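Visitor: Sharing a structure here in C-alpha cells format.
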Amino acid sequence: MSIVALFKSTFLLSSLIVFGNYSQPMLKAFNHPINPQNNNVLLAEKSTPVAAELQEILPKIKEQTQVPILLPSKLLITGTDKKIYIEGKGTTNGYKITLAFEPNCTGNACSIGYFSAEKGGKSLEDEFSRELSLVQNIKGYFRPLTCAASCAPPIIGWEYKGVFYRISLKGVGQSPEIEGETLAKMANSAIEAGGR
C-alpha cells in the first residue's frame, strides 16, 4: 500500500507537507498553517489588550509598582462623550489610577472614579454591602451608588494573590443590579487577563 493511499482518508482534515530542504513537516489544518515550534504567534493572539483609555498610563505604573496590575480590557462606562483624563501613581505596594472629566481633578463633580491595588489591603468597615462571585472562585465585594450629602459611586473589590483591588466608577448602570454586573464584568476581565 502506498503512502498516498494511507493518507487519503485524512487528507480532507490535514495534510503533511515537506518542503525541499525543510526537514520538519508543517501541519496544515483548515488552510491555517500551524508550526509546532512557533508558539509566539499563538501566545500573542491569546493576550488580552488593556482598555484603550488606560494604555498610556500603564507603562508609568509598571515602573513604579511591584504588585500585579489588574486592569480590564474595556471601560464599560456609558452616558458620556466627554474626554476622559487619566492620571495615576504607583508605589512598591500598590497603585491608584484616577479617571476624571478634567485634568488635575480634586472634586467629586469632575471625578469619574478609580482603579486601585494595595498589597496586604483589606476592605474597610462598611465599605461594601454585599458579596458576589467572580471568576477563578474569587469572592467579590460590592456596594451600589449611595447618596447622602454627596454621592459615592458604585465600587467592587476583591483579593487576588495577597493584593486587594478596587474599581469604583460612575456611569456603569441605572440600577444596583446593572452596576454590580458591569463592575463584575470589568473585574473578571482584569482577573482573567492577569498582571499587565
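Where a number appears in this text, it was derived from the coordinates with a stated rule and is not lab data. Quick caveat, the model's predicted, so the values are computed rather than measured. All Cβ positions, even for glycine, are placed from backbone atoms using ideal geometry, and neighbour counts span all protein chains on display.
Visitor: Just list whichever of 62/82; 139/185; 89/139 have alpha carbons separated by over 24 Å in the model shown.
Guide: Details: 62/82 27 Å; 139/185 14 Å; 89/139 26 Å.
Pairs exceeding the cut-off: 62/82; 89/139.
Visitor: Kirkwood Rh, Cα Rg: Rg to Rh for segment 144-196? List each step's numbers first, then the result.
Guide: Working: Rg = 12.2 Å, Rh = 11.9 Å.
Rg/Rh: 1.03.
Visitor: Return one quarter of the surface area of the convex hull spanned by the alpha-carbon atoms of segment 48-193, equal to its mean projected area, in nm².
Guide: Working: hull surface 34.0 nm².
Over every viewing direction, the Cα hull of segment 48-193 projects on average to 8.5 nm².
Visitor: So, one more: Compute the Kirkwood hydrodynamic radius of segment 72-145, taking the inverse of the mean of 1/r over all pairs of distinct Cα atoms, and give it in Å to one decimal. List each step's numbers first, then the result.
Guide: Numbers: mean 1/r = 0.0684 Å⁻¹.
Result for segment 72-145 stands at 14.6 Å.
Visitor: Next up: Regarding segment 44-89, what whole-number volume in Å³ per residue does the convex hull of its Cα atoms give?
Guide: On the way: hull volume 4.7 nm³, N = 46.
Hull volume normalised by residue count: 103 Å³.
Visitor: Moving on to the next point. Modelled label-to-label distance, residue 80 and residue 174, 7 Å Cα→beta-carbon offset: nm?
Guide: 1.9 nm
Visitor: If you add up the charges near residue 82, with Lys and Arg at +1 and Asp and Glu at -1, over every other residue whose beta carbon is less than 15 angstrom from its beta carbon, what do you get?
Guide: Value of the local net charge: -1.
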